[in-house]
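Nothing in this text is a laboratory measurement; each read-out follows from the coordinates by a stated rule. Owing to the predicted nature of the structure, the values given are computational and were not obtained by experimental measurement. In this analysis, Cβ positions are derived from the backbone assuming ideal geometry, glycine residues included, and neighbour counts consider all displayed protein chains.
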Amino acid sequence: MESKNWIGGEWITPQGEAIVVQNPSDTAQAVGQIRLSDQSHVRTAAEAAQAAFPQWAGLSGAARGEYLYSMAAVVAENSEELAKLASQEMGKPISEMRGEVTRGIHLLRYYAAEGMRANGSLIPSADRDVLQYTKRVPLGVVGVITPWNFPVAIPIWKIAPALICGNTVIWKPSEIGSLTATRLSELFAAAKLPPGVLNVVIGKGREIGSTLLEEVDLQAVSFTGSTATGRVVAESCARRNIKYQTEMGGKNAAVVLRDADLKRSIPIILSGAFRSAGQKCTATSRIIVERAIYPTFVELLQEAITSVKVGSALDPDAYLGPVASADQYEKVGGFAATARREAELVAECVTPETIKERGYYINPLVVTGLTPDHSLVQEEVFGPLAVVLPADDFAEAIELCNRSVYGLSASLFTQDLSRAFQFLEQAEAGMVRVNQETAGVEYQAPFGGMKQSSSHSREQGQAALDFYSEIKTCAIKHSF
Ligand code: NAD
């Protein structure tokens, strides 16, 4: 398979550099190749999105919703193929990838229905002859820049609300998810989405991503990715006074109190830390445990980790697969080497010899013995590495939990209702949960972080509609 751009309804293969996509589960296998776009493709996409905007914005919400229902139906018909392609492209186990595609379908249906829901409110006027109301209006052309770790769900949770609000979109997927992005676009084209409503440009972030940010007449940018790139996006958009949302890194804590049901909590914590090889922005990377139960916790964790299986992404029994790319392998491998040098090992899951050398496999590791300010406790690893920190009591556990520049997600494990409530109140994170993993949030609820994790708006649920539209306050004096 070869990546293609989808611009103004046409399929265009850029003539730029070709990069072979190696399967991270087995790097000897080529999954396809991507062709890098140049700046001219971004400009053409911008013209197409501008041209398509008036007609798309002029449709009724119900009509736009019908397109989204069709997109959901075509993705559903092709879900297995799409999931397999993504698993092969970025290494997420097929069992999880199927779930992600299903999530994408649900998101398309959820936002399709928004076309038929109230999109404003009636505000009483002081003058009885005036009818005053608000309505949402689309922004115009929106830029969508996505990462590789959820190559189907993240693009859909941006594109679907953008479209239902009446915007047209230019989507710049991650280099690593570009084959999946091409296939997803083909499915949207099969759903007969009108030309130019969604335009997809494949290429390097620094090149075409920055052309999109700096040169195109965008009205908003929705970005998910690293904190460093998010800052670049935010600065550029702020300079231009256009709307932006940046969803970025995390260093999410699971706090385990002395009264937690450890047998039930530990599998949930392991899932938060190691599913998707820890490559979720909401992955659990710090485990804060009350000292009173620390020895029991470690013993049970060591036992539970034996059920974690590292496997190739298409292995239906794989708990986690490889990390996504050579860059990830090097970066996460560096953190793992530091952990082996500077921390005490709590638990490790060994990659089977049969696959170890074939792909970008990194043994899941749980370590301890680090100071709260150590880089492994503070920096986002984005891989299968979790750090355990003992805490004397609840107060110290909260202090450790909040001792981070990030504030995306945090979980507490307890049976004490009062502690649970205090945690939900005091934890500095956009998503706070009790007796659930830090990952695994639901699409109908707002998603986003505090502190350096986000630009403080929210994605998904009804919150996404606020981002992709602007409120107009209308007043008409009807007896004049
Ligand atoms: P990244 O920042 O390297 O890339 C994200 C996207 O930005 C890619 O499409 C990339 O091509 C593009 N890009 C890179 N440089 C750019 C530039 N100068 N101008 C415009 N675009 C540019 O991130 P990644 O490695 O793809 O993803 C991993 C990161 O994403 C992690 O930090 C993770 O925490 C974060 N993430 C956050 C969330 C969330 O919702 N908070 C969700 C998933 C992933």
Original post:
For the range 310-347, list residues with backbone N below 20 Å from a point placed 7 Å from the Cα of THR227 toward its Cβ?
Top reply: 328, 331-336, 338-339
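Let me make sure I get this right: for the range 173-265, a, b and c are the square roots of the gyration tensor eigenvalues over alpha carbons, sorted descending. Under 1.5 in a/c it's rounded, otherwise prolate if a/b > b/c, else oblate. Which is it? The partial results should precede the final answer.
On the way: a/c = 2.70, a/b = 1.55, b/c = 1.74.
Oblate is the answer for the range 173-265, as a/c is 1.5 or above yet b/c matches or exceeds a/b.
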Original post:
Expressed as an acute angle from 0 to 90° and rounded to the nearest 10, what is the orientation of the C-alpha long axis of helix 227-240 relative to the principal long axis of the chain?
Top reply: 20 degrees
Original post:
So for the range 252-443, taking the charge dipole from beta-carbon charges (+1 Lys/Arg, -1 Asp/Glu), which of ILE305, VAL432, LEU345 sits furthest toward the positive end?
Top reply: ILE305
Subject >> the chain: angle of helix 262-274 to the longest principal axis, Cα-based, in degrees nearest 10 >> reply: 60 degrees
Original post:
When the Cα centres of the range 206-272 and the range 397-420 are compared, how far apart do they sit, in Å?
Top reply: 20 Å
**OP:** Using label points projected 7 Å from each Cα along Cα→Cβ, tell me how many nm separate LYS331 and GLN55, to one decimal.
**Re:** 4.0 nm
Original post:
DSSP beta bridges in the range 252-443, what fraction antiparallel, as a percent rounded to 5?
Top reply: 15 percent
Subject >> Computed E for SER95/VAL350 - FRET, C-beta separation, R0 22 angstrom, nearest 0.05 >> reply: 0.60
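Taking K and R as +1 and D and E as -1, what net charge do the other residues with C-beta under 13 Å from the C-beta of SER404 add up to?
Around SER404, the charge tally is -1.
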**OP:** Quick one: grab the alpha carbon gyration tensor of the chain, order the square roots of its eigenvalues as a ≥ b ≥ c, and give me rounded if a/c is under 1.5, else prolate or oblate depending on whether a/b is larger than b/c.
**Re:** oblate
**OP:** Choose one of GLY250, PRO267, THR229: the residue whose Cα lies farthest towards the positive end of the charge dipole of the range 202-293 (beta-carbon charges +1 Lys, Arg; -1 Asp, Glu; about the Cα centre).
**Re:** PRO267
Original post:
Could you give the nm distance between label points at LEU424 and GLU66, where each point is 7 Å from its Cα heading toward the beta carbon?
Top reply: 4.2 nm
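Starting from the Cα gyration tensor of the range 386-444, take the square roots of the eigenvalues, sort them a ≥ b ≥ c, and report rounded, prolate or oblate (rounded when a/c is under 1.5, otherwise prolate if a/b is larger than b/c, else oblate). Write down the numbers at each step before the final one.
Details: a/c = 1.62, a/b = 1.22, b/c = 1.32.
Taking the square roots of the gyration eigenvalues as a ≥ b ≥ c, the range 386-444 is oblate.
Most exposed first by the Cβ proxy, i.e. fewest other Cβ within 10 Å, how do HIS374, HIS478 rank? Can you show the working numbers first?
Working: HIS374 16, HIS478 7.
Going from least to most buried by this count: HIS478, HIS374.
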Original post:
Any idea how far apart GLU470 and ARG291 come out in nm if each label point goes 7 Å out from Cα toward Cβ?
Top reply: 5.7 nm
Original post:
Which distance in Å, rounded to a whole number, links the C-alpha centroids of the range 117-160 and the range 14-51?
Top reply: 30 Å
Original post:
How many lysine pairs are close in the range 252-443, with Cα atoms under 21 Å apart and the two 8 or more places apart or on different chains?
Top reply: 5
Original post:
Roughly what angle does helix 79-90 make with the longest principal axis of the chain, taking Cα atoms, 0 to 90 degrees, to the nearest 10?
Top reply: 60 degrees
**OP:** Treat the count of other C-beta atoms within 10 Å as a stand-in for reagent exposure and order PHE223, PHE394, PHE480 from fewest to most.
**Re:** PHE480, PHE394, PHE223
Subject >> Evaluated at q = 0.10, 0.13, 0.16 Å⁻¹: base-10 log I(q)/I(0), Debye formula over Cα of the range 252-443 >> reply: -0.36, -0.62, -0.94
Original post:
Between ALA445 and GLU379, what is the FRET efficiency for a Förster distance of 25 Å, r being their Cβ-Cβ separation, to the nearest 0.05?
Top reply: 0.35
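Excluding GLY166 itself, what net charge comes from residues whose Cβ is under 10 Å from its Cβ, given Lys and Arg +1 and Asp and Glu -1? Walk me through the numbers before you get to the answer.
Values: positive: ARG64, ARG136; negative: none.
It works out to a net charge of +2.
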**OP:** Give the percent of DSSP beta bridges with both residues in the chain that are antiparallel, rounded to the nearest 5.
**Re:** 40 percent
